[in-house]
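Read-outs: derived from the displayed coordinates by stated rules, not from any lab. Here the structure is a predicted model, which is why all the values come from computation and not from measurement. Here the Cβ is made from the backbone with ideal geometry for all residues, glycine too, and neighbour counts use every protein chain on show.
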Amino acid sequence: MTTLLLIEQVLNGLQSGIMLFLMAAGLTLIFGVMGLINLAHGSLYMIGAFAAAAVAAATGSFLLALIASLVAAAAAGVVIEVGVIRRLYDRDHLDQVLATFALILILSEGTRWLFGSFPLYLDVPAALAGPVTLPGGIAYPAYRLVIILVGLVLAVGLFLLIGRTRIGIQIRAGEADREMIAALGVNISRLYTLVFALGAALAGLAGALVGAIQSVQVGMGEPVLILAFVVIVIGGIGSIKGALVGALLVGLTDTLGGVLLPLALSGIMDASSATTVGSALASMLIYVLMAVVLIFRPTGLYGTA
Amino acid sequence: MTDPLLDIQALSKSFGALRATADVSLALVPGEIHALIGPNGAGKSTLIQQIAGGLAPDAGRVILDGRDVTGLNTADRARLGLGRTFQISALAMENTVLQNAMLGSVGAARNAWRFLQPVMGDARLRKQAEASIERVGLEEAANTPVSALSHGQRRLLEVAVALTLDPKVFLMDEPMAGLGAEGTARMTDFLGDLRKEAPILLVEHDMDAVFALADRISVLVSGKIIATGTPDQIRRNDDVRTAYLGDEVLP
Amino acid sequence: MTFKQLLAATCVVALGAGAQADGVKVGMITTLSGGGAGLGIDVRDGFMLAVRGNDDIELVIEDDQRKPDIAVQLADKMIQSEKVDVMTGIIWSNLAMAVVPAATAQGKFYLSPNAGPSALAGKGCHENYFNVSWQNDAFSEAAGTALSGEAGKVFLMAPNYPAGQDIMAGFKRTYEGEIAAEVYTKLGQTDYAAEIAQMRASDADQIYFFLPGGMGISFMKQYAGSGVDKPVSGPAFSFDQGILGAIGDAAVGAKNTAHWSKDLDVPGNAEFVDAFQAEYGRLPSIYAAQGFDTGLLLASAVAKADVDDADAFRAALKEAEFQSVRGKFSFADNHHPVQDIYMREVIKEGDLVTNRIVGTAATDHSDPYGADCKL
Amino acid sequence: MLRERTFNIVAFLALPLVASIALALDEPFIISLATRAAILALAAVGLNLALGLGGLVSLGHAVFFGLGGYAMGILASHAQSYVPLDLGFIVIEGTKSMPIIWLVAVVVSAATALLIGLLALRTAGVYFIMITLAFGQMFYYFTISWPAYGGEDGLSIYVRNDFPGLNTLDPIQFFGLVFAVLAAVLWVMGRIERSPFGLALGAARQNAVRVETVGLSPFRLRLVAFVISGAVTGLAGALFADLNRFVSPTMFSWQMSGEFIIFIVLGGIGRLYGPVVGACLFVLLEHLLSGISDFWLIYLGTVLLLVVLFARGGVIGALSKPDATHD
């Protein structure tokens, strides 16, 4: 394998990490502030993608589609938070898992009922179609570079939001001590709704951005949900920085493992079994990564007990 | 002086720049109540954690009945005879008083690996647990869930569970807290007798109780022991007065 | 006994013994909910279109949720409670493997409207099992034959699971040329950037891939954006009508092999396409065509023989005297299809992305496993 | 309202009652359905020891369910093909005997639970949930891509395995066997709950420091609970494979692990009979709702949601009142 190809694969790994970060950021925020395990986060991702596909089909504008994804997912987030999630904050994780699992069923099948059983069309905007040539001669899809950019901007935005703004102070205080923040006169239930809507909007945006280069279909949220959980657990739950580092680690491991493992194994076995065994091991790799991280750091890389 | 049952030798523990425990040495000899006092933030909790095995010291040793237990965990130390009560009750809240005491008996018998016999039907364990409950005066509440107990009753139950272990040494963290005047008096009498069975390292804020009970007192300030002596010696110690004046008045 | 069963039982009684003797009760287990529902719905709709108005066929339909254990449970229900004579409907190979051997062993007929695992074509073949669709390797064997000599070095890609490995094996079996690389991806993978980079870097002249459902959509969209311009082909599963709409222009120009296409000029096909569109408001897919043919095959057998006479009914099925929308259709000795397989190309008709036939990939194709079958 | 204990007996006896009525009406499918409910209940009863009593929320119990299933699948397929299983260091003959298969399933699951437990129990809370999920996913992807035993297609066993003295192909006899296993395991679990081990394990869930302070190791208690729990779920896996005469990687999927948790919460967490009531209710709902419409999962989701939100203590908690005495 040439160095150039390796660099391109590293870039691919980072890019897939950034896509995961978009999803994981909202999940870790919601967990960190409210202590809620939200399995339905993947459904919000799906809602964002479907809203974007519907609006893009109606208007032809990708920008409007992105806005629609934010609005639809945030709105769905508010409805879900007020209707269901609010009753779950003081429950244990088990009740949360069961209730949000039920929400997955309702939201997935509800979406199928509205949009039908076939995948929807959503494409990258014409201006971003096709590759650009990077220094070194790597031809890289322009749209993926934009995703990396959007992801980094959002990461910086989130760090600033949490670190520098009034709302961020409230969020951090809420993580530390719920009674304290209520005593300070902050409307905690409004804060929670806001944080949930923010997390939902991030998931919806991720769904729309990723949906343009993947398949917009019912059930698209669940594989990503599991990956996003892997990410936030590796990073340490509640930590935005952990989510970013975890996402990049998972993205790199997944991408490079799939490429390098069959290659490495071809040295010790015949080519065809090397590809099958290699890709079998590669598909287990991120879970091995997560288990190893947790064995040595039981609360993730940046987590606190 | 007889050999100490609990010998703490030069324990130190830092958290970053903060020296929570600085070169602390303490000894507990048979038959005595040795009280550890000090203002809030002096490092008492950190020290107790190191003695009980919840926190590893950076340096120093803990010797229990002649055996170096510094490297052992909480459960090992408990098996070797360290009986502990907590400042904030650490009990199985859904279980009854008797069940909590039975847990102590199970621990004392060192056999939780029986899966099919009902624990409540084990006459020997049950007798031991009931005796402990009776000694602290909780027999009336034996079948009450801990969550329904008053704060004071929970303190007594803590002591009762420690009693089931028949420990060589007691480590008690503020057993009087929240007991009220009458309860404190009863607990004071009780501990006064208990020292004959096993010596007590007593951490306590109630100075009346400390000075009434203790054979010796050590004063911990900013992670260091600034004085150790009889109640009279401590009362007259200038350093202690300086450290304490304005905080609490020594009786 | 549920209300529904009670109702069904009442109907059977009401129809009387005569109806029971003439008619046939069909149990359809297919995927109607969740992510893979599109295929099951197409098969069901195609089948229903074929048997519409046929009073001799009573149909019971159940949703397997794409879970093997649910499919097994439903098969038990069909056989033990509903007392069906014929079963059909399963979309996925792994579900078929769970249901078919037990069902045929209990004397039921099974007509496969999709999925043809090699195990059921070879040693595991059964006199009561009829595959009306294809053996899993068929499309890729035909593609291998058709591409031999013109495609140069080929880059192969499929998900790492038995159907993926079978389909790639089928291609390698018939392709006379060099394989540049063979890559197996995770089942359900959604991002193919790493594989596309390998394609770009490899000296392959052509990409041949099998990625069913959403995986194929993701790959095609990403491939189009990557600027890699090697020709792409694969079995029809990644280019079928149900998903072409979601891929859009990115699929145009891709070659794919199938036994059917909506523009196939054989008697009855145009009528089928029109009737399907009129009834359901969408274009039929190959799955719908397979469902339709399965329905026609069943109706042809019911017209000839009583299902209670298993030998006669089996013979009637084996004759396959119906006008397939694929044109020629007959069964080989292992009860798998002998049929022509076409090379299709994805084109754009106005705003509609669809397929047209550009040639014949294999004539009278049958699968290679029949030799192991003792029928 | 019935007392909880009475309610449990009624709910428990409902299974054989349904099976007997089905037998009388000649509805063998209903017997299969009852068998399925009993097996799923058994799997969740296994998980309940770790989850309900020990507080260990494992989202990876499908590992043991799948291992039990594959123990059956592999042994029976070798017996079916008369090719012994060569592990390199030992050659094993396949078998169609249920007791031997059960033993293998239990031993393999317990050994795996020991290994997973040793690693996973270093973590707690959500991290424990996720690390167990990670192990489940590893097994899932491994079996999908490992071609020797069918990969994603799974393994079909054409005839149900044998149990001495029974015709296991007869639905009611197989149900009876499964029900007897379930009853025996419930009896053992009931004993464990009240044993010294059960007391200590329950206390470790409520307050780990308390348990340490009396000289017991919460880690070891939890590990043993996890191993027993995995072994029981493994046994259920072997039975499930025999019910379907089929095993596949979906037995390892995280949705499977999730369903076990759903059974427990649905029935009522921390209750011996919770998983039994939950599993029966779930199978019943699935059966009744799936005919309503193509979108029946919406109804299922709604029912589950309502139970979590409004029936705290699960169905048992909502439909019975607490027992008078507490011991």
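Overview of results
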item: Low-density loop positions, GluC sites (Glu not before Pro), segment C:168-255 - DSSP coil, at most 11 other Cβ in 10 Å; result: C:E176
item: Under the Karplus curve 6.51 cos²θ - 1.76 cosθ + 1.60, θ = phi - 60°, whole-Hz ³J(HN,Hα) for segment D:47-56, x wherever Gly or Pro sits; result: 4, 4, 5, 6, 7, x, 7, x, x, 9
item: For chain C, alpha-carbon Rg over 2.2 N^0.38 Å; result: 0.98
item: Point-charge dipole on Cβ atoms (K/R +1, D/E -1) for segment B:91-166, about Cα centre, debye to 20; result: 220 debye
item: FRET E, pair D:L2, B:Q233, Förster distance 60 Å, beta-carbon r, rounded to 0.05; result: 0.30
item: Mean ellipticity per residue at 222 nm, deg cm²/dmol - from DSSP H runs of n ≥ 4 across the protein assembly as shown, formula -39500 (n - 2.57); result: -18000 deg cm²/dmol
item: FRET efficiency for A:T165 and B:D58, using Cβ-Cβ distance with R0 set to 41 Å, rounded to 0.05; result: 0.55
item: Nitroxide proxy distance, nm - points 7 Å out along Cα→Cβ at B:D68 and B:A148; result: 5.1 nm
item: For segment A:8-217, size of Cβ-based charge dipole, Lys and Arg +1, Asp and Glu -1, in debye; result: 320 debye
item: FRET efficiency, B:S45 to A:D270 (Cβ-Cβ, R0 60 Å, nearest 0.05); result: 0.40
item: Average Cα contact separation per residue, chain D, under 8 Å, 6 or more apart, as relative contact order %; result: 34 percent
item: Degrees, to the nearest 10: A:93-115 long Cα axis against longest axis of chain A; result: 70 degrees
item: Shape parameters for segment A:236-275, alpha-carbon atoms, Rg then Dmax in Å; result: 15.0, 45
item: Extreme residue, positive dipole direction of the protein assembly as shown, given options B:V136, A:G163, C:I347 (C-beta unit charges); result: B:V136
item: Segment D:49-143: chymotrypsin sites (Phe, Trp or Tyr not before Pro) in DSSP loop, at most 12 other beta carbons within 10 Å; result: D:Y82, D:F89
item: Cubic angstrom per residue, convex hull over Cα atoms of segment A:8-217; result: 131 Å³
item: Compactness relative to 2.2 N^0.38 Å, alpha carbon Rg of the protein assembly as shown; result: 1.03
item: Size of segment D:2-321 as Cα extents on the principal axes (Å, biggest first); result: 55, 51, 40
item: Counted charge near C:R356, where neighbours are those whose Cβ lies closer than 15 Å (Asp, Glu -1; Lys, Arg +1); result: -1
item: Note, ³J(HN,Hα) from phi for segment B:56-69, Karplus 6.51, -1.76, 1.60, rounded to Hz, x at Gly and Pro; result: 8, x, 6, 8, x, 9, 10, 10, 10, 6, x, 10, 6, 10
item: Sequence-distant residues sharing a close amide H with A:A139 (under 5 Å, placed H); result: A:L134
item: Peptides ranked, highest mean first, by Cβ atoms within 10 Å: ranges A:59-70, C:292-303; result: C:292-303, A:59-70
item: Radius ratio Rg over Rh of segment C:20-78, counting only Cα atoms, Kirkwood formula for Rh; result: 1.02
item: Alpha-carbon Rg/Rh ratio, for segment D:177-291, with Rh computed the Kirkwood way; result: 1.03
item: Cβ charges +1 (Lys, Arg) and -1 (Asp, Glu), total dipole of the protein assembly as shown, debye; result: 3120 debye
item: Calculated from backbone phi, Karplus (6.51, -1.76, 1.60) coupling profile of segment C:302-315 in Hz, x at Gly/Pro; result: 4, 5, 9, 9, 8, 5, 5, 8, 4, 5, 5, 5, 4, 5
item: Total formal charge among the other residues, if their Cβ is under 12 angstrom from that of B:A59, Lys/Arg +1 and Asp/Glu -1; result: +1
item: Cα point-scatterer Debye curve for segment A:189-261, base-10 log of I(q)/I(0) at q = 0.11, 0.14, 0.21, 0.25 Å⁻¹; result: -0.35, -0.55, -1.11, -1.25
item: Rounded to 5, the percent of DSSP beta bridges in segment D:2-321 classed as antiparallel; result: 60 percent
item: Inter-site label distance for B:K196 and C:R356 at 7 Å from Cα along Cβ, in nm; result: 10.9 nm
item: Amide H contacts of B:A227 (H built 1.01 Å from N, under 5 Å, at least 5 apart or other chain); result: B:V219
item: Amide proton proximity set for D:Y273, modelled H, under 5 Å, gap of 5+; result: none
item: Net +/- balance of residues flanking B:G31 in space, Cβ distance below 14 Å, scoring K and R +1, D and E -1; result: -1
item: For segment D:33-153, alpha-carbon Rg over 2.2 N^0.38 Å; result: 1.16
item: Label-point gap, in nm, between A:V78 and D:A183 - each point 7 angstrom along Cα→Cβ; result: 5.8 nm
item: Solution diffusion estimate, µm²/s, Stokes-Einstein, segment B:91-166, Kirkwood Rh from C-alpha pairs, 25 °C, viscosity 0.890 mPa s; result: 203 µm²/s
